[in-house]
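Heads up: the structure comes next, in structure tokens.
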Amino acid sequence: MAKKEKFYVVWQGRVPGLYLSWAECEAQVKGFAGATYKSFLNRAEAEAALHQTPPSFKRAASTGKTPSEQSPRPFLEALCVDAACSGNPGPMEYRGVDLQTGKEVFHRAYPLGTNNIGEFLAIVHGLALVVQAQVSYPLIFTDSRTALAWVKAKKCRTKLKASAKLATLFDHIQRAEKWLAEHNWATQLAKWETEKWGEIPADFGRK
């Protein structure tokens, strides 16, 4: 089955414009603070969008700010991940959500864990799906600086001690660390700016 052709519009990047491949688009936006871009399946639609104000998501007021006080959410082809835990440790779950559609891409739950572990596993889960070509995301957002640091170090630096009750969780942690050690990825990892954009779309809404 032929791969669908895509056109990429960069509104904010090194050189704004219309690009015919993800590689060309990525060169303009990767590592560029505040980059704004979007893919289109139709060239005419992409060309028209290039000369318009970039679209934005509906602003959220979950941070306590009014919509006018918040910046528009980034309108990107991206995956958002988040975790929730009732207690520390306690029942834990994590998931990945498509930023543009709000659709849940994956979800996993454990009877016992911590929020940081969940955030770490969620990022690795998303990266693995991209590398396996099960999904296609050039960017993964998380609101956890701790998880980003752990993934960068390729090590889950939890203080939680392994036990029989945590056997499955620690097995998955070890698998995640092994995966990070053995794979490279092009997907960019970025911090979700909650103060600017509201809660990350993958949030479980337990606050």
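The values are calculated or read from the model by the stated rules, or taken from the named source; none is laboratory data. Everything quoted here is computed from the prediction, not taken from an experiment. Glycine also receives a Cβ, built like all others from the backbone with ideal geometry; neighbour counts cover every protein chain displayed. Heavy atoms of the whole protein, side chains included, go into the accessibility calculation; ligands, DNA and RNA do not. Shrake-Rupley method; radii C 1.70, N 1.55, O 1.52, S 1.80 Å.
Numbers for the structure displayed
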| quantity | calculated |
| --- | --- |
| Pairs where the first residue, in region 191-206, is under 17 Å from GLN100 (Cβ atoms) and the second is among the hydroxyl-bearing types (Ser, Thr, Tyr) and at pLDDT below 90, C-beta under 7 Å, 6+ apart | TRP197/SER71; GLY198/SER62; GLY198/THR63; GLU199/SER62; ILE200/THR194 |
| Given (1) of a type in the set (Gly, Ala, Ser); (2) surrounded by 14 or more Cβ atoms within 10 Å (Cβ to Cβ); (3) more than 19 Å from ASP98 (Cβ to Cβ), number of the condition ALA167 does not satisfy | (2) |
| Candidate set from region 150-187 (those that are basic (Lys, Arg) and part of a helix (DSSP H, G or I)); member that is farthest from GLU24 (Cα to Cα) | LYS165 |
| Enumeration of residues in region 78-95 that are closer than 14 Å to GLY205 by Cα and not aliphatic (A, V, I, L, M) | ASP82, CYS85, SER86, GLU93, TYR94, ARG95 |
| Residues within region 139-149 that are part of a helix (DSSP H, G or I) and buried (at least 18 other Cβ atoms within 10 Å of the Cβ), tallied | 2 |
| Test: residue in region 13-32 that is modelled with pLDDT of 85 or more, on the phi > 0 side of the Ramachandran plot and touching a Leu at 6+ places or on another chain (Cβ under 8 Å) | yes |
| Count - residues of region 99-131 that are open to solvent by less than 50 Å² (accessible area, probe 1.4 Å), hydroxyl-bearing (Ser, Thr, Tyr) and either under 15 Å from THR187 (Cα atoms) or not in a strand (DSSP E or B) (or both) | 1 |
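Conditions tested, residue by residue: (1) within 13 Å of LEU139 (Cα to Cα); (2) touching a residue at least 60 places away in the same chain (Cβ under 8 Å); (3) surrounded by fewer than 16 Cβ atoms within 10 Å (Cβ to Cβ).
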residue	(1), (2), (3)
VAL10	no, no, no
GLU26	yes, yes, no
LYS30	yes, yes, yes
PHE40	no, no, no
GLU47	no, no, yes
